[in-house]
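Have a look at the structure below before the remarks.
The numbers here are math on the coordinates, done by the rules we state, and not lab data. As the structure is a prediction and not an experimental result, all values here were calculated from the model. No Cβ is skipped: glycine too gets one built from the backbone with ideal geometry, and neighbour counts run over all protein chains shown.
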Amino acid sequence: MKQSLQLKLGQQLTMTPQLQQAIRLLQLSTLDLQAEIQEALDSNPMLDVGEEDFDSSAASSSGENGDLNHNEASDSATESAQQSKAEATKSDSSTQTNDDSSNTAETEWNEDNIPTDLAVDTSWDDIYDPIPTGSGLSRPDGEDYDYDSRRASSESLQDHLYWQLNLTPMSALDNEIAETLIDAVEPSGMLNQNLAEIFEGLQAHHEELELDEVVAVLHRLQQFDPPGVFSQDVRECLLIQLNQIDNGNRDVENAKELVKNYLELLGGRDFKQLMRKLKLKEHELQAAIEVIQKLNPRPGEHIGENTTEYVVPDVFVSKINNRWMVELNPDIAPKLRINSDYASLVKRADSSADNVFLRDNLQEARWFLKSLQSRNETLLKVSTCIVEKQQGFLEHGPEAMRPMVLHDVAEIVEMHESTISRVTTQKYMHTPQGIFELKYFFSSHVATDSGGECSSTAIRAIIRKLVAAENTRKPLSDSKITALLAEQGIQVARRTIAKYRESLNIPPSNERKRLV
């Protein structure tokens with residue numbers, strides 16, 4: 001094979017480490033960004049926390065004419081930051097005072113303070129004063145007190161059932177059967193297999209075991225909390241709960257008969273058939289249904305680990321002097337700066353290991369600060385553009401939402417659509433209408449008879465409003481909703497209405513039918 005040299009021209013996109021870092025910070029949520037900043041502070045000695053918030057977090061505003069007034073918003077942000085700083089300084093001073101008083105209250109002792117001659121029945125509290133329960137000495141210094149994590153319940157449904165089983169006197173065999181049944185309970189509270197399968201598994205270890213014994217244990221467990229647990233189906237779950245209600249109530253007795261024999265008719269909303277078979281009048285049937293509606297077909301779901309998810313708004317939007325103001329949340333990240341003491345140690349011509357370490361960390365710190373500034377500027381610019389285009393939503397709610405896609409914002413701010421997608425993911429805006437993810441403001445459009453456009457978000461809001469105001473005896477079908485929208489000049493296919501309705505978790509008309 002003959003070797004040769006060739007010249008070739010071409011273009012290639014290379015992502016520098018700085019660009020990769022900027023893109024990664026851009027798509028982080030607020031909580032992830034705080035963790036990233038803390039990690040950078042821990043690993044880079046050149047980074048330090050300043051006393052004021054980011055200069056780039058100065059607010060900007062968009063008036064009704066679409067013009068931006070950066071200076072006015074910046075003054076507002078600076079004033080807000082100074083207020084926050086003053087409050088924080090005051091809080092720190094108060095905390096320091098409390099800590100100092102707590103430290104003086106601590107009992108100092110050593111081995112010399114321990115008496116050598118003590119009575120046999122002497123306790124610690126007889127010699128030393130106990131530490132007050134409410135004092136700050138009850139936790140180690142420097143440990144953050146996480147109220148939610150220490151108060152949150154992490155008990156599972158199985159734990160709750162085992163706790164009750166330990167309080168219930170049973171024989172060894174019955175206790176083993178009960179543990180097997182508890183292990184077969186789903187998070188909903190239902191058994192994940194039928195009783196015959198559970199019996200076969202137990203009989204493999206206890207050949208003399210009878211099915212009646214398993215049934216007897218099951219009936220005892222069905223009296224556990226929550227009511228309806230250990231049920232094999234929805235009918236049994238509802239009946240268990242009804243049996244725990246006063247049997248002298250006529251409405252409860254009607255509800256029991258309805259659930260026992262005609263649950264399928266109730267699911268199909270065939271009220272006329274139910275009144276005929278149960279020989280009930282309309283108000284009597286309605287009273288029985290109201291009893292059933294108070295029951296829980298999935299009793300185990302309210303027990304278990306309850307993880308709270310917090311949403312921290314990245315952007316605040318408010319109307320001041322008839323102008324919509326957009327401001328980045330000044331509390332989402334601390335003000336970072338280069339540590340001047342360490343930076344002054346860097347020498348230009350020195351190639352020693354220590355100097356290289358300092359120089360590399362200084363460069364990384366500058367890149368990190370620049371990436372953070374770029375993130376804030378991009379977020380502020382995109383948020384301002386959204387506010388300009390969605391002032392109708394801010395004034396009147398979802399029904400006034402304008403259609404908008406990523407390309408519309410990308411053209412205005414002169415950025416790529418992928419950048420807009422990153423900056424609007426897991427970023428939240430606090431508005432007078434509530435807190436919304438930035439992606440909420442993007443929606444497709446539907447043409448109107450007048451030649452205009454209507455947002456799909458606005459159509460969903462109209463559907464929700466129509467269903468909320470409908471006659472429950474004759475709920476609106478998808479075709480009827482289509483016709484009502486057409487009267488407003490909005491042409492939407494029936495299947496599109498069905499898709500929007502399902503996205504709103506609104507059941508079809510036959511399932512929304514009520515007696516009253």
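Computed from label points 7 Å out along Cα-Cβ, the spacing between Asn321 and Glu207 is 9.3 nm.
Using the Karplus relation 6.51 cos²θ - 1.76 cosθ + 1.60 with θ = phi - 60°, the per-residue 3J(HN,Hα) values for the stretch 163-176 come to 4, 5, 5, 5, 8, 10, x, 8, 6, 4, 5, 5, 5, 5 Hz, with x marking Gly and Pro. In this structure, Asp341 and Ala35 have a Cβ-Cβ separation that, at R0 = 30 Å, corresponds to a calculated FRET efficiency of about 0.70. For the stretch 215-224, backbone phi angles converted through the Karplus equation (6.51, -1.76, 1.60; θ = phi - 60°) give residue-by-residue couplings of 5, 5, 5, 4, 5, 5, 5, 6, 8, 6 Hz, Gly and Pro being listed as x. When Met190, Met275 are arranged by Cβ crowding within 10 Å, least crowded first, meaning fewest neighbours, the order is Met275, Met190.
Name the long-range amide H neighbours of Arg298: under 5 Å, sequence gap of 5 or more, or other chain; modelled H, no Pro or chain starts. For Arg298, whose amide H was placed from the backbone, there are no distant partners under 5 Å. Sparsely packed loop sites in the stretch 177-213 (the GluC sites (Glu not before Pro) outside DSSP H, G, I, E and B with at most 12 other Cβ atoms within 10 Å) comprise Glu207, Glu208, Glu210. What the Cβ-Cβ distance of His407 and Leu19 gives, at R0 = 25 Å and to the nearest 0.05, is a FRET efficiency of 0.65. Once C-alpha pairs closer than 8 Å and six or more residues apart are averaged by separation and normalised to the residue number of the stretch 445-512, the relative contact order reads 35 percent. Calculated from the alpha-carbon coordinates, the stretch 157-302 shows an Rg and a Dmax of 17.4, 54 Å respectively. Counted residue by residue at 0.36 nm each, then reduced by the alpha carbon distance between them, the extension gain from Arg220 to Arg276 reaches 16.5 nm. Here's the list of lysines a cross-link from Lys272 could span, going by alpha-carbon distance under 24 Å and ignoring same-chain residues fewer than 8 apart: Lys256, Lys260, Lys281, Lys294, Lys474, Lys480, Lys513.
Summarising the amide proton neighbourhood of Leu336: residues at separation of 5 or more, or on other chains, whose placed amide H is nearer than 5 Å comprise Gly50. Considering only alpha-carbon pairs that sit under 8 angstrom and 6 or more positions apart, the relative contact order computed for the stretch 382-431 is 34 percent. Each label point was placed 7 Å from the Cα along the Cα-to-Cβ direction; for Asp350 and Glu301 their separation is 6.5 nm. Amide H contacts for Lys319 (H built 1.01 Å from N in the peptide plane; partners 5 or more residues away or on another chain; cut-off under 5 Å): Met325. A crude spin-label estimate for the pair Glu179 and Ser503, with each label 7 Å from Cα along the Cβ direction, gives 5.1 nm. Listed by chain and number, the lysines whose C-alpha is less than 22 Å from the C-alpha of Lys381, apart from same-chain residues fewer than 8 away, are Lys319, Lys335, Lys370, Lys389, Lys427, Lys439.
Among residues other than Arg276 with Cβ under 12 Å from its Cβ, the summed charge is +2 (Lys and Arg +1, Asp and Glu -1).
Here the Karplus relation 6.51 cos²θ - 1.76 cosθ + 1.60, evaluated at θ = phi - 60°, turns the backbone of the stretch 327-342 into coupling constants of 9, 6, 5, x, 9, 7, 8, x, 6, 9, 8, 7, 5, 5, 5, 6 Hz, with x for every Gly and Pro.
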